[in-house]
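Please read the structure below before turning to the comments.
The values are calculated or read from the model by the stated rules, or taken from the named source; none is laboratory data. Bear in mind that the values here come from a model prediction, so they are computed numbers and not experimental data. Every residue, glycine as well, gets a Cβ built from its backbone with ideal geometry; the counts of neighbours run over all protein chains shown. What goes into the accessible areas is simple: the full protein's heavy atoms, side chains included, and nothing from ligands, DNA or RNA. Shrake-Rupley method; radii C 1.70, N 1.55, O 1.52, S 1.80 Å.
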Amino acid sequence: MDTGMLSQDEINALLSGMDAPSDAGDAEAAAEAPEAAEAAAPAGGGSTANELLSEIEQDAIGEVANISMGSSATTLYSLVNRKVNITTPTVSVATWDSVLQDYEKPCVFIQIKYTVGLDGSNILVLKEHDVKVITDLMMGGDGSNTDGELSELHLSAISEAMNQMMGSSATSLSTMLGKMIDISPPEASLVDLTAFKSGGDIAAFLAGDFVKIAFRMQIDELVDSTIMQLYPIDFAKEVCDTFLSAQGGGAEPEPEPAPQAAAPQPTAPPPAAAPTPAPQMAPQMAPQMDMNQMGMGMMGMPQMQMMPQMQMMPQMQPNMNIQPAQFQTFSNDFNPAQIQENIGLIRDVPLEVTVELGRTSKSISDILDFSPGTIIELDKIAGEPIDVLVNGKFVAKGEVVVIEESFGVRVTEIIK
């Protein structure tokens with residue numbers, strides 16, 4: 001029986017027909033839309049890396065970071081006296097959400113500002129455990145003292161380590177970019193990432209997309225983790241442009257040295273004149289002649305003419321009275337109190353005390369290559385006693401200590 005009402009199947013068929021694409025082109029576009037949307041959305045949100053940085057720019061940033069961190073690893077090795085390995089970096093465009101996924105625990109943010117050569121800043125991110133290991137090694141430990149909370153001492157020590165590391169990195173950048181690069185002292189702070197909804201509360205450029213450079217850092221068997229360096233997009237592009245222009249322009253050809261004037265050839269001496277007989281000299285005139293004037297001509301003169309000069313030497317008179325010097329004999333009686341009194345006369349004389357960490361020898365060419373960040377290896381190993389000298393004389397050995405904010409020396413051995 002036909003009641004004129006549509007069944008449920010017919011209603012579903014009509015609804016499906018309204019949602020279907022009108023033609024084959026729309027159907028193909030609808031099929032490709034989810035894949036395109038998935039490809040356009042980067043991990044962690046934000047723009048894709050290719051939209052903000054080209055592949056050439058990413059490679060340039062990776063090369064700059066690789067060379068910079070290579071010199072920083074050498075500096076860190078000298079600070080902790082352990083083998084340090086920092087692998088090739090990985091460059092990507094990230095957002096604050098992606099950083100939260102990589103670093104869930106509290107970590108240390110170290111902000112580095114460039115003051116000369118580049119206009120911008122970047123942030124180095126280290127894990128809390130890594131900072132404790134590095135600072136313990138710097139203070140003479142074995143890297144196992146990682147208990148307790150991160151204190152101001154840890155932050156101060158890691159700031160000094162980063163200051164030397166990034167200073168060495170700035171020196172490498174200066175050579176690579178062909179201009180002077182300098183930084184301000186780094187500022188370290190402990191950051192709980194979960195307490196910030198947006199990275200803009202820490203640094204303005206962390207509110208949007210930024211460049212993330214990830215390194216794998218290994219320190220013997222103590223540390224094996226990832227450190228990050230965060231760049232603003234504009235600053236990364238500036239570094240890329242400077243690097244590419246320095247590399248693309250190539251080194252200017254050195255100007256050819258100006259031809260040197262030919263050295264004057266020594267002229268042949270004029271032919272010697274025929275020797276003439278030497279004039280007869282009176283004996284009293286011979287001592288007045290200069291020996292430089294008495295050249296080869298005098299060599300041929302008779303020996304009798306040289307005798308007056310030899311006669312000018314003083315002769316010892318046979319009647320001179322010569323006696324040995326007479327000295328007063330010393331007595332054995334002395335007063336010890338008088339000796340102490342005499343020592344008291346010089347107790348206030350200042351003496352210069354020098355603490356010598358070590359020595360080395362360098363050639364002039366090595367010294368001319370010195371620049372900020374240059375590392376000089378000394379002849380002493382870490383932990384070996386240092387030398388204490390008084391007015392340049394080696395008198396004692398000791399060890400370096402810290403007294404409040406100043407260095408000091410604890411004497412451990414007196415040299416006899």
Which length gain, in nm to one decimal place, applies between GLN101 and GLU384 when the Cα-Cα distance is subtracted from 0.36 nm times their residue separation?
97.4 nm
What's the FRET efficiency of SER54 with ILE376 using the Cβ-Cβ distance as r and R₀ = 51 Å, to the nearest 0.05?
0.80
For the ranges 369-376, 222-229, what's the packing order if you count other beta-carbon atoms within 10 Å of each residue, average per peptide, and put the highest first?
222-229, 369-376
Charge dipole (the range 64-217, unit charges on Cβ, about Cα centre) - positive-most of ALA161, THR171, LEU193
THR171
SASA check, MET320, accessible area w/ 1.4 Å probe, all protein chains in place, rounded to nearest 10 Å², comes out at 110 Å²
Prolate/oblate/rounded label for the range 90-130 (Cα gyration tensor, a/c 1.5):
oblate
Using a/c under 1.5 as the rounded threshold, could you call the range 50-101 rounded, prolate or oblate? The axes a ≥ b ≥ c are square roots of the C-alpha gyration tensor eigenvalues, and prolate needs a/b larger than b/c, oblate otherwise.
oblate
Taking all protein chains in place and a 1.4 Å probe, what share, in percent, of the accessible surface of the range 130-181 do carbon and sulfur account for?
47 percent
Simple spin-label estimate for ASP119 and GLN323 in nanometres, 7 Å along Cα-Cβ:
9.4 nm
Sort 90-96, 168-174 for me by packing, meaning the mean count of neighbouring Cβ atoms within 10 Å per residue, highest on top.
168-174, 90-96
For PHE394 and SER159 in the same chain, what is the full-extension length gain: residue separation times 0.36 nm, less their Cα-Cα distance, in nm?
81.1 nm
Shape verdict for the range 139-180, please, from the Cα gyration tensor: rounded (a/c under 1.5), prolate (a/b greater than b/c) or oblate.
prolate
Between GLU221 and THR360, how high is the FRET efficiency from 1/(1 + (r/R0)^6) when r is the Cβ-Cβ distance and R₀ = 30 Å? Nearest 0.05.
0.50
Hey, with R₀ at 41 Å, roughly what FRET efficiency would SER144 and GLU413 work out to, going by the Cβ-Cβ distance, to 0.05?
0.90
How big is the range 156-207 by Rg and Dmax over its Cα atoms, in Å?
14.6, 41
Mean projected area in nm² (Cα convex hull; one quarter of hull surface) for the range 64-161
7.5 nm²
Rounded to whole Å², per residue accessible area for the range 48-171 with a 1.4 Å probe reads 44 Å²
Please report the accessible area of HIS129 (heavy atoms, 1.4 Å probe, ligands and nucleic acids excluded) in Å², nearest 10.
90 Å²
